[in-house]
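Here is the structure we will look at, set down as structure tokens.
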Amino acid sequence: MENFIIAARNVGADVQLISNLEELVAYIDQRIEGGLLLSPCPSLKRAGLSAMLKTAGVDVVEEEFRAHGASAAAGLTGANFGIAATGTVVLESTDEAVRIATTLPEKHFVLLDPRKILATADEAVPLLGDFHKQMPQAYLAYITGPSRTADIERVLTIGVHGPAELHILLLEGLSEDLMER
Amino acid sequence: MNKADRSRHYNDRVRKAIAKPRLQDTLHRFADAYVIAREAAFAGQDFEALRTAIGEMKDEVRDNLPRYRDEFIANAEAAGAKVYIARTAAEANAYICNLARDRGVKTVVKSKSMASEETHLNHALKDAGVEALETDLGEWIIQLAGERPSHMVMPAIHMLKEEVAELFSKVTGKEEPAEILHLVRLARKQLRQGYLDADMGISGANVAIAETGGLALVTNEGNARLTTTLPKIHVALVGMEKLVPTLADANRIINVLPKNATGQLITSYITWIRGAVPCGDKSKELHIVLLDNGRSALAESPHCRDALRCIKCGACANVCPVYQTVGGHVFGHIYISAIGVILTAFFHGLNNASELVRACIGCRSCVAVCPSNIDLESIILHLREVIGEEEGVGAGKSIVFKNVMRNRKLFHGMLRAASVLQKPVTRGERTIRHLPLFFSGLTEWRTLPAIADKPLRDLWNDIPQKVEKPRYRVAFFAGCLNDFVYPEMGIDLVKVLNHLDVEVTLPLEQSCCGVPALYSGDKDTAVAMAEQNIDAMLENDPDFVVTSCPTCTMALQRDFIDLLKDNPVWAEKAMKLAEITIDISCFITDKLDGAEAFGKAIKAEKVTYHDSCHLKRGAGVWEQPRRLIADSGREVVEMAHSDRCCGFGGSYSFTSHADIAKQILGDKIKDIEASGAACVAMDCPGCMMQIQGGLQKQEKDVRVKHTIELLAENLDD
């Protein structure tokens, strides 16, 4: 987990250790003004996050992502697993809602159970194989830090087309299932 | 365009590029940062092993292409994709335009695709009445400017922020400040609606995986994720060489690609897409266009086919001194730099490649960083031969190579005559500072050494050799410069080797190694020279053949074998010569264990070492001369970019590209001066000629010495 945190921070992700759901809701609530696209992820559903966020006053969007995506302030998703060597989160994103929640808004909050961190990308290859076996169609995403470009004079600039902020929230007890979908 | 017009246009572009110091500054700064970032990214990994594995995997696909291609198509189509094989660029464009027309597509968003640059897809779409919007920031910038990419990974690296601000101002209709964060945010805002409105998204792919029928995209900005998610149709235009067998193979490429491209451990996004994924309330319509366009022809060329291993990282440009001097709009067509020279020849025709083939200075810095283990320089040399056969090597060169160089007595006779004829110019000095009239361009930026009064071969019998019990008998291959320009270096070599109990002979039938002809594309002359030299050097069966010029070393160790490999009589002799050929520094340290045999120099001079391209990246020698310099009592201080080319490149700096060579030399002189050394040492008489010429012209007080001369100084002391 330490390696993961160092690598993710190195590429500009905000990484936060979160101890419970209340803390998580407060963390998100403090950082957004506007709609939150809540991805249809089983472990997030199980945790009852939607109701908690709404109670806290967050404008939670759970459907019609295409209509709301461009105006929403942030997306909240789970992560299937992390890769420590590069600080990467891996999201099975075949459901279009996951993709819209992680591409259109300015901010992306991603929940990762720290028990699901692999050491290297090589260890992820068999899992990629399993996803392809389970799903006839697949859209899998490795996300490492916020959207970036260096296309003007080689100056690194954050937040071009994808999220300008990536918040990785480490919360133990969410899910141990790396193949969750 | 005819050849003369083509050359004139090209030379014009070279001149214009050189006149843009801010372009060179940008490319140099990037190159410096790249080297550091790349090294950090590969820390703890065995780059040689990684690239060998990638090369082998790519060869396996090339050799069994139908099998992997069919496996890919079957899996992709089972997942709901439609796969089309385009034999030519025109076929690919027609397929995509027809599809757009059929589906009533008005606008297309594109994420970065070099294959679409290769086919000029945007023009075809425009002609079909479809508006294409580039969404990669760099691609959008050059689309607005009406230009083509000047780098495969960073298409707008040649543009300054002020120029970008001007382009963006035209889009927004108000003056935009030239502030990079502002410009990036502006692009985000401007292009956002494009994704939402577009009826079709077009992407490339970095990998196409046979075992899944899926694609992988390696990106940083996030535009490819939007392009492949929002529009209801997704077209992926994919070069056939992107095929890999398995997910593990794809992972292998993705591990190396960002590290070698920009020095990133990984890009922000790696996106794996297989099949017709959900899109709104339906499924996406996914079309994969597999592009051949010359790739099959490339696979059939035994000399060039390794180029199909390329994973399009652009590293060959990042480290190329020619690219850093003139940029990708000059040293490139659509694909740029070393790999661009080769791909242009096969994808866009020999005519578009022939100037580029000559623009390579042959320093092999690209070969050292290629993640697919492609010997780019050798392939470019081969293409130069092909173009030499097609177009000729130039009338002047042709006469010299065919009629003079192949006849040793005539060639050496002319060099002797030159030694007499140059007298009015040298005024008896050892350097030529100015040449009269139309030759003056050659000495504007460097002095040239005079041809010696007496070549080494005429002095040889008077050089005393006192070796009572020789450990070895070696034959010295002097090369033209050592023989006719720097004969005193040969005398030093004898002194140094005698000191280590080695007897030296100079076979008089040796001649030019033939590299000038070979590198100019005259293979026949090169073959004739190889045979002549093999016979000369193997006569009397020496223990070793020692060399003092790394280009000659490469000729004897590598080129002769290649030139004669189809001739059973000569192939064996060439192998034999290669086995016993060794450069002088390596011979002293590795065979004679003689690094400490020269005592300590009286003056502990600060010496900086210049790595000659062919010694470091050809023969793999760089530690040995440094050890000799340090062990002989001198302080070695490293200059920045010690292994960057000096810009000599033989005839490159005289006839074909003097203006580029001058710039590269200028960079080297700056680095030497900044090192604070009193002396710059090297192991190549060609580099000596170039660097000494530059230092003298700029009146810098730095000695230029061959390592062997420094060792001899200790013996004289």
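Taking B:MET639, is it hydrophobic (A, V, I, L, M, F, W, C), outside the structural domain of B:LYS495 (by TED's automatic domain parsing) and either within 18 Å of the chain's Cα centre (by Cα) or at pLDDT 95 or above (or both)? Yes, satisfied.
Examine segment B:333-340 for a residue that is more than 12 Å from chain A (Cβ to nearest Cβ), outside any loop (DSSP other than H, G, I, E, B) and aromatic (Phe, Trp, Tyr), and state whether such a residue exists. Even if it seems obvious, please write down each step before you answer.
Keep residues of segment B:333-340 that are more than 12 Å from chain A (Cβ to nearest Cβ), which gives B:333-340.
Add one more test, that the residue is outside any loop (DSSP other than H, G, I, E, B), and what stays is B:336-340.
Now drop any that are not aromatic (Phe, Trp, Tyr), which leaves none.
The answer is no, given that none of the residues of segment B:333-340 is more than 12 Å from chain A (Cβ to nearest Cβ), outside any loop (DSSP other than H, G, I, E, B) and aromatic (Phe, Trp, Tyr).
The helices (runs of 4 or more DSSP H) falling completely within segment B:351-420 that include 1 or more residues that are under 19 Å from B:THR655 (Cα atoms) and basic (Lys, Arg) map to B:376-391, B:395-399.
Could we say that B:ILE266 is part of a strand (DSSP E or B) and crowded, with 24+ Cβ neighbours inside 10 Å here? No; evaluated as a whole, the condition is false for this residue.
Can we say A:LEU140 is touching a Lys or Arg at 6+ places or on another chain (Cβ under 9 Å) and assigned to a strand (DSSP E or B)? Walk me through it before giving the result.
Details: touching a Lys or Arg at 6+ places or on another chain (Cβ under 9 Å): yes; assigned to a strand (DSSP E or B): yes.
When the stated conditions are applied, A:LEU140 passes them.
Check whether at least one residue in segment A:136-146 is surrounded by fewer than 21 Cβ atoms within 10 Å (Cβ to Cβ), farther than 18 Å from A:ALA72 by Cβ, at the interface with another protein chain (Cβ under 8 Å from one of its Cβ atoms) and of a type in the set (A, V, I, L, M), and report yes or no. No, the conditions are met nowhere in segment A:136-146. Restricting attention to segment B:271-296, the residues that are buried (at least 24 other Cβ atoms within 10 Å of the Cβ) and at the interface with another protein chain (Cβ under 7 Å from one of its Cβ atoms) total 6.
Looking at B:LEU592 and the list (1) modelled with pLDDT of 95 or more; (2) surrounded by fewer than 20 Cβ atoms within 10 Å (Cβ to Cβ); (3) under 33 Å from the mean Cα position of the chain (by Cα), which single condition is not satisfied? In the conditions (1) modelled with pLDDT of 95 or more; (2) surrounded by fewer than 20 Cβ atoms within 10 Å (Cβ to Cβ); (3) under 33 Å from the mean Cα position of the chain (by Cα), B:LEU592 misses (3) alone.
Okay, residues lined up against (1) hydrophobic (A, V, I, L, M, F, W, C); (2) surrounded by fewer than 18 Cβ atoms within 10 Å (Cβ to Cβ); (3) within 12 Å of another protein chain (Cβ to nearest Cβ); (4) under 30 Å from B:GLU139 (Cβ atoms):
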site: A:GLY57; (1), (2), (3), (4): no, yes, no, no
site: A:PHE65; (1), (2), (3), (4): yes, no, yes, yes
site: A:ASN80; (1), (2), (3), (4): no, no, no, no
site: A:ALA84; (1), (2), (3), (4): yes, no, yes, no
site: A:VAL98; (1), (2), (3), (4): yes, no, yes, yes
site: A:LYS107; (1), (2), (3), (4): no, no, no, yes
site: A:LEU128; (1), (2), (3), (4): yes, no, yes, yes
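For the residues A:LEU111, A:LEU118, the requirement of being more than 9 Å from chain B (Cβ to nearest Cβ), surrounded by fewer than 20 Cβ atoms within 10 Å (Cβ to Cβ), within 26 Å of A:TYR27 (Cβ to Cβ) and in contact with a helix residue (DSSP H, G or I) (Cβ under 8 Å, 6 or more places away or on another chain) singles out A:LEU118.
Could you tell me whether segment B:208-226 includes any residue that is over 30 Å from A:GLU96 (Cα atoms), more than 10 Å from chain A (Cβ to nearest Cβ) and crowded, with 18+ Cβ neighbours inside 10 Å?
Step one: of segment B:208-226, the residues over 30 Å from A:GLU96 (Cα atoms) are none.
Scanning segment B:208-226 turns up no residue that is over 30 Å from A:GLU96 (Cα atoms), more than 10 Å from chain A (Cβ to nearest Cβ) and crowded, with 18+ Cβ neighbours inside 10 Å.
With respect to the conditions (1) more than 7 Å from chain A (Cβ to nearest Cβ); (2) surrounded by 20 or more Cβ atoms within 10 Å (Cβ to Cβ); (3) among the hydroxyl-bearing types (Ser, Thr, Tyr); (4) within 20 Å of B:VAL289 (Cα to Cα), B:THR229 lacks only one, and its number is (1). Could you tell me whether B:ALA597 is in contact with a His (Cβ under 7 Å, 6 or more places away or on another chain) and in a loop (DSSP other than H, G, I, E, B)? Considered against the rule, which asks whether it is in contact with a His (Cβ under 7 Å, 6 or more places away or on another chain) and in a loop (DSSP other than H, G, I, E, B), B:ALA597 comes out as yes.
If only residues of segment B:133-174 that are touching a Lys or Arg at 6+ places or on another chain (Cβ under 6 Å) and more than 10 Å from chain A (Cβ to nearest Cβ) are counted, the one that is farthest from B:SER203 (Cα to Cα) is B:MET152. Of all positions in segment B:187-197, none carries a residue that is assigned to a loop (DSSP other than H, G, I, E, B), more than 29 Å from the chain's Cα centre (by Cα) and at the interface with another protein chain (Cβ under 7 Å from one of its Cβ atoms).
When B:ASP306 is tested against (1) buried (at least 24 other Cβ atoms within 10 Å of the Cβ); (2) farther than 24 Å from A:SER93 by Cβ, exactly one condition is not met: (1). Within segment B:31-40, the set of residues being within 14 Å of chain A (Cβ to nearest Cβ) and either within 17 Å of the chain's Cα centre (by Cα) or exposed (fewer than 13 other Cβ atoms within 10 Å of the Cβ) (or both) comprises B:ALA31, B:ASP32, B:TYR34, B:VAL35, B:ILE36, B:ALA40. Which residues, counting only those in segment A:147-167, are more than 7 Å from chain B (Cβ to nearest Cβ) and crowded, with 24+ Cβ neighbours inside 10 Å? Across segment A:147-167, the qualifying residues are A:PRO163, A:LEU166. Scan segment B:51-109 for residues that are under 36 Å from the mean Cα position of the chain (by Cα) and of a type in the set (Gly, Ala, Ser) and report the count. Residues meeting the conditions: 7. Scanning segment B:1-52 for residues that are closer than 30 Å to B:ASP306 by Cβ and part of a helix (DSSP H, G or I) yields a total of 27. When residues in segment B:483-503 are screened for being surrounded by 21 or more Cβ atoms within 10 Å (Cβ to Cβ), out of contact with any Leu (no Cβ under 6 Å at 6 or more places or on another chain) and farther than 22 Å from B:ALA595 by Cβ, 2 of them pass.
Among B:ALA555, B:ALA517, B:ALA578, which is free of Cβ contacts under 8 Å to residues at least 40 places away in the same chain, small (Gly, Ala, Ser), assigned by TED's automatic domain parsing to the domain that holds B:PHE484 and not in a loop (DSSP other than H, G, I, E, B)?
Values: B:ALA555 fails: free of Cβ contacts under 8 Å to residues at least 40 places away in the same chain; B:ALA517 fails: free of Cβ contacts under 8 Å to residues at least 40 places away in the same chain.
On inspection, the qualifying residue turns out to be B:ALA578.
The values are calculated or read from the model by the stated rules, or taken from the named source; none is laboratory data. Keep in mind that what you see is a predicted model, and the values were worked out from it rather than measured. No Cβ is skipped: glycine too gets one built from the backbone with ideal geometry, and neighbour counts run over all protein chains shown.
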